[in-house]
Amino acid sequence: MSSYELWKELMRSGDSSVTALQRAYVYFYQAFIENNRWQQYLNGVLTTLWVTAAALVLGIILGVIVAVIRTAHDQQRPGQRNPLLGICNFILKIYVTVIRGTPMMVQLMIMGFVIFASSRSFALVGALTLGINSGAYVSEIIRGGLMAVDGGQMEAGRSLGLNYADTMRFIIVPQAVKAILPALGNEFIVLLKDTSLISVIGGKELLYAARGVVSRTYEAMYPFLGTALIYLVLVMIFTWLLGIFERRLRQSDRR
C-alpha cells in the first residue's frame, strides 16, 4: 500500500497520528493527481482560454462598430445632422446602457436558460454572452479614446483632402490606440476572470472542473485554491505580455 493510501485510510478511521503535512499531501494528491484529475483542470484551462479569445474578438468587433457610429454622431457639425445616424446612436446607447446596467450573471442566465435554452453548446453560449457584454465596455473605452484626440487633428486631415473614414484610419485611430491600450488590457483581464461565471449555465471551464473534483472528494480547499492560483498565473502572464507590447509602442514613438 502506498503512503497516500495508508495516510488516507488512517484519516478515514480518525487516527490522530496523521500529521498536518501528511493530511496536506493526501488532500493535494486526491485533488490533482488521483485518477489523473489534473487533466480536468487542463481541459478547463483550454476551454477558459478559448472562451476568452472568442469573447475578446466579438467584443472588439462590437466595440469598434458601436464606438465609430457613436463618435461619428457626436462629431457631426451643427445643422448637418444625419437622421439615420441619430437612430443608430439611440439604439446603441440603449444597448450600452442595458448591458452595463445589468449583472453579468443575469445576462448569462437569460442567454443560457431562456434565449438558448435548447442549446447544449454551453461554452459557445457563454462566449457569445461575454462578447456582447464586453462589446459595451470596449465601445466606451474606444469612444473615450477617439473623443480625447484633439479636434484639430480631424480638421487637419480634412484640410489635406482626406475624407472622414481616411482621417479616422490614418490620423485619429493610431493616436487613440496608444491611449486606450491599458484600459483594453484591463478589460481583457476582467474578461478572462469572468469566464468562471459560465459554469452556472454548464460551461465546462476551469471552475467547473474544480467543482467536479470537490463533488467527488468532498474537500474544497485545494481544488479552489489551485483554481485561484491558475487564474493568477494566467493573469500575470497576460499582464507581462501586455507590458511588453506597451513598451514597444513607446519605443516606436521615440524613433
How far apart, in nm, are two points set 7 Å out from the Cα along the Cα-to-Cβ line at Leu49 and at Arg211?
2.3
Take the Cα of Leu21, step 7 Å along the line toward its Cβ, and report every residue of region 210-239 whose backbone nitrogen sits under 14 Å from that point.
none
Could you check the simple spin-label distance between Leu6 and Ala165, using points 7 Å along Cα→Cβ, in nm with one decimal?
7.6
Quick one: helix 221-254 against the long Cα principal axis of the chain, what's the angle to the nearest 10°, folded into 0 to 90?
30
Give me the one-decimal nm value for the distance between modelled label points at Val64 and Val106, 7 Å along each residue's Cα-to-Cβ direction.
3.2
Taking only DSSP H segments of four or more residues, each worth -39500 (n - 2.57), what value at 222 nm results for the chain once the sum is divided by all its residues, to the nearest 500 deg cm²/dmol?
-25500 deg cm²/dmol
Here are some values of percent of Cα pairs over 31 Å apart: (i) 18; (ii) 30; (iii) 44. Which one was computed from this structure?
(iii)
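Values in this text are rule-based calculations from the coordinates and carry no lab data. Values in this document were obtained by computation on a predicted structure and should not be read as measured data. With ideal geometry, Cβ positions are generated from the backbone for all residues, glycine too; neighbour counts draw on all protein chains shown.
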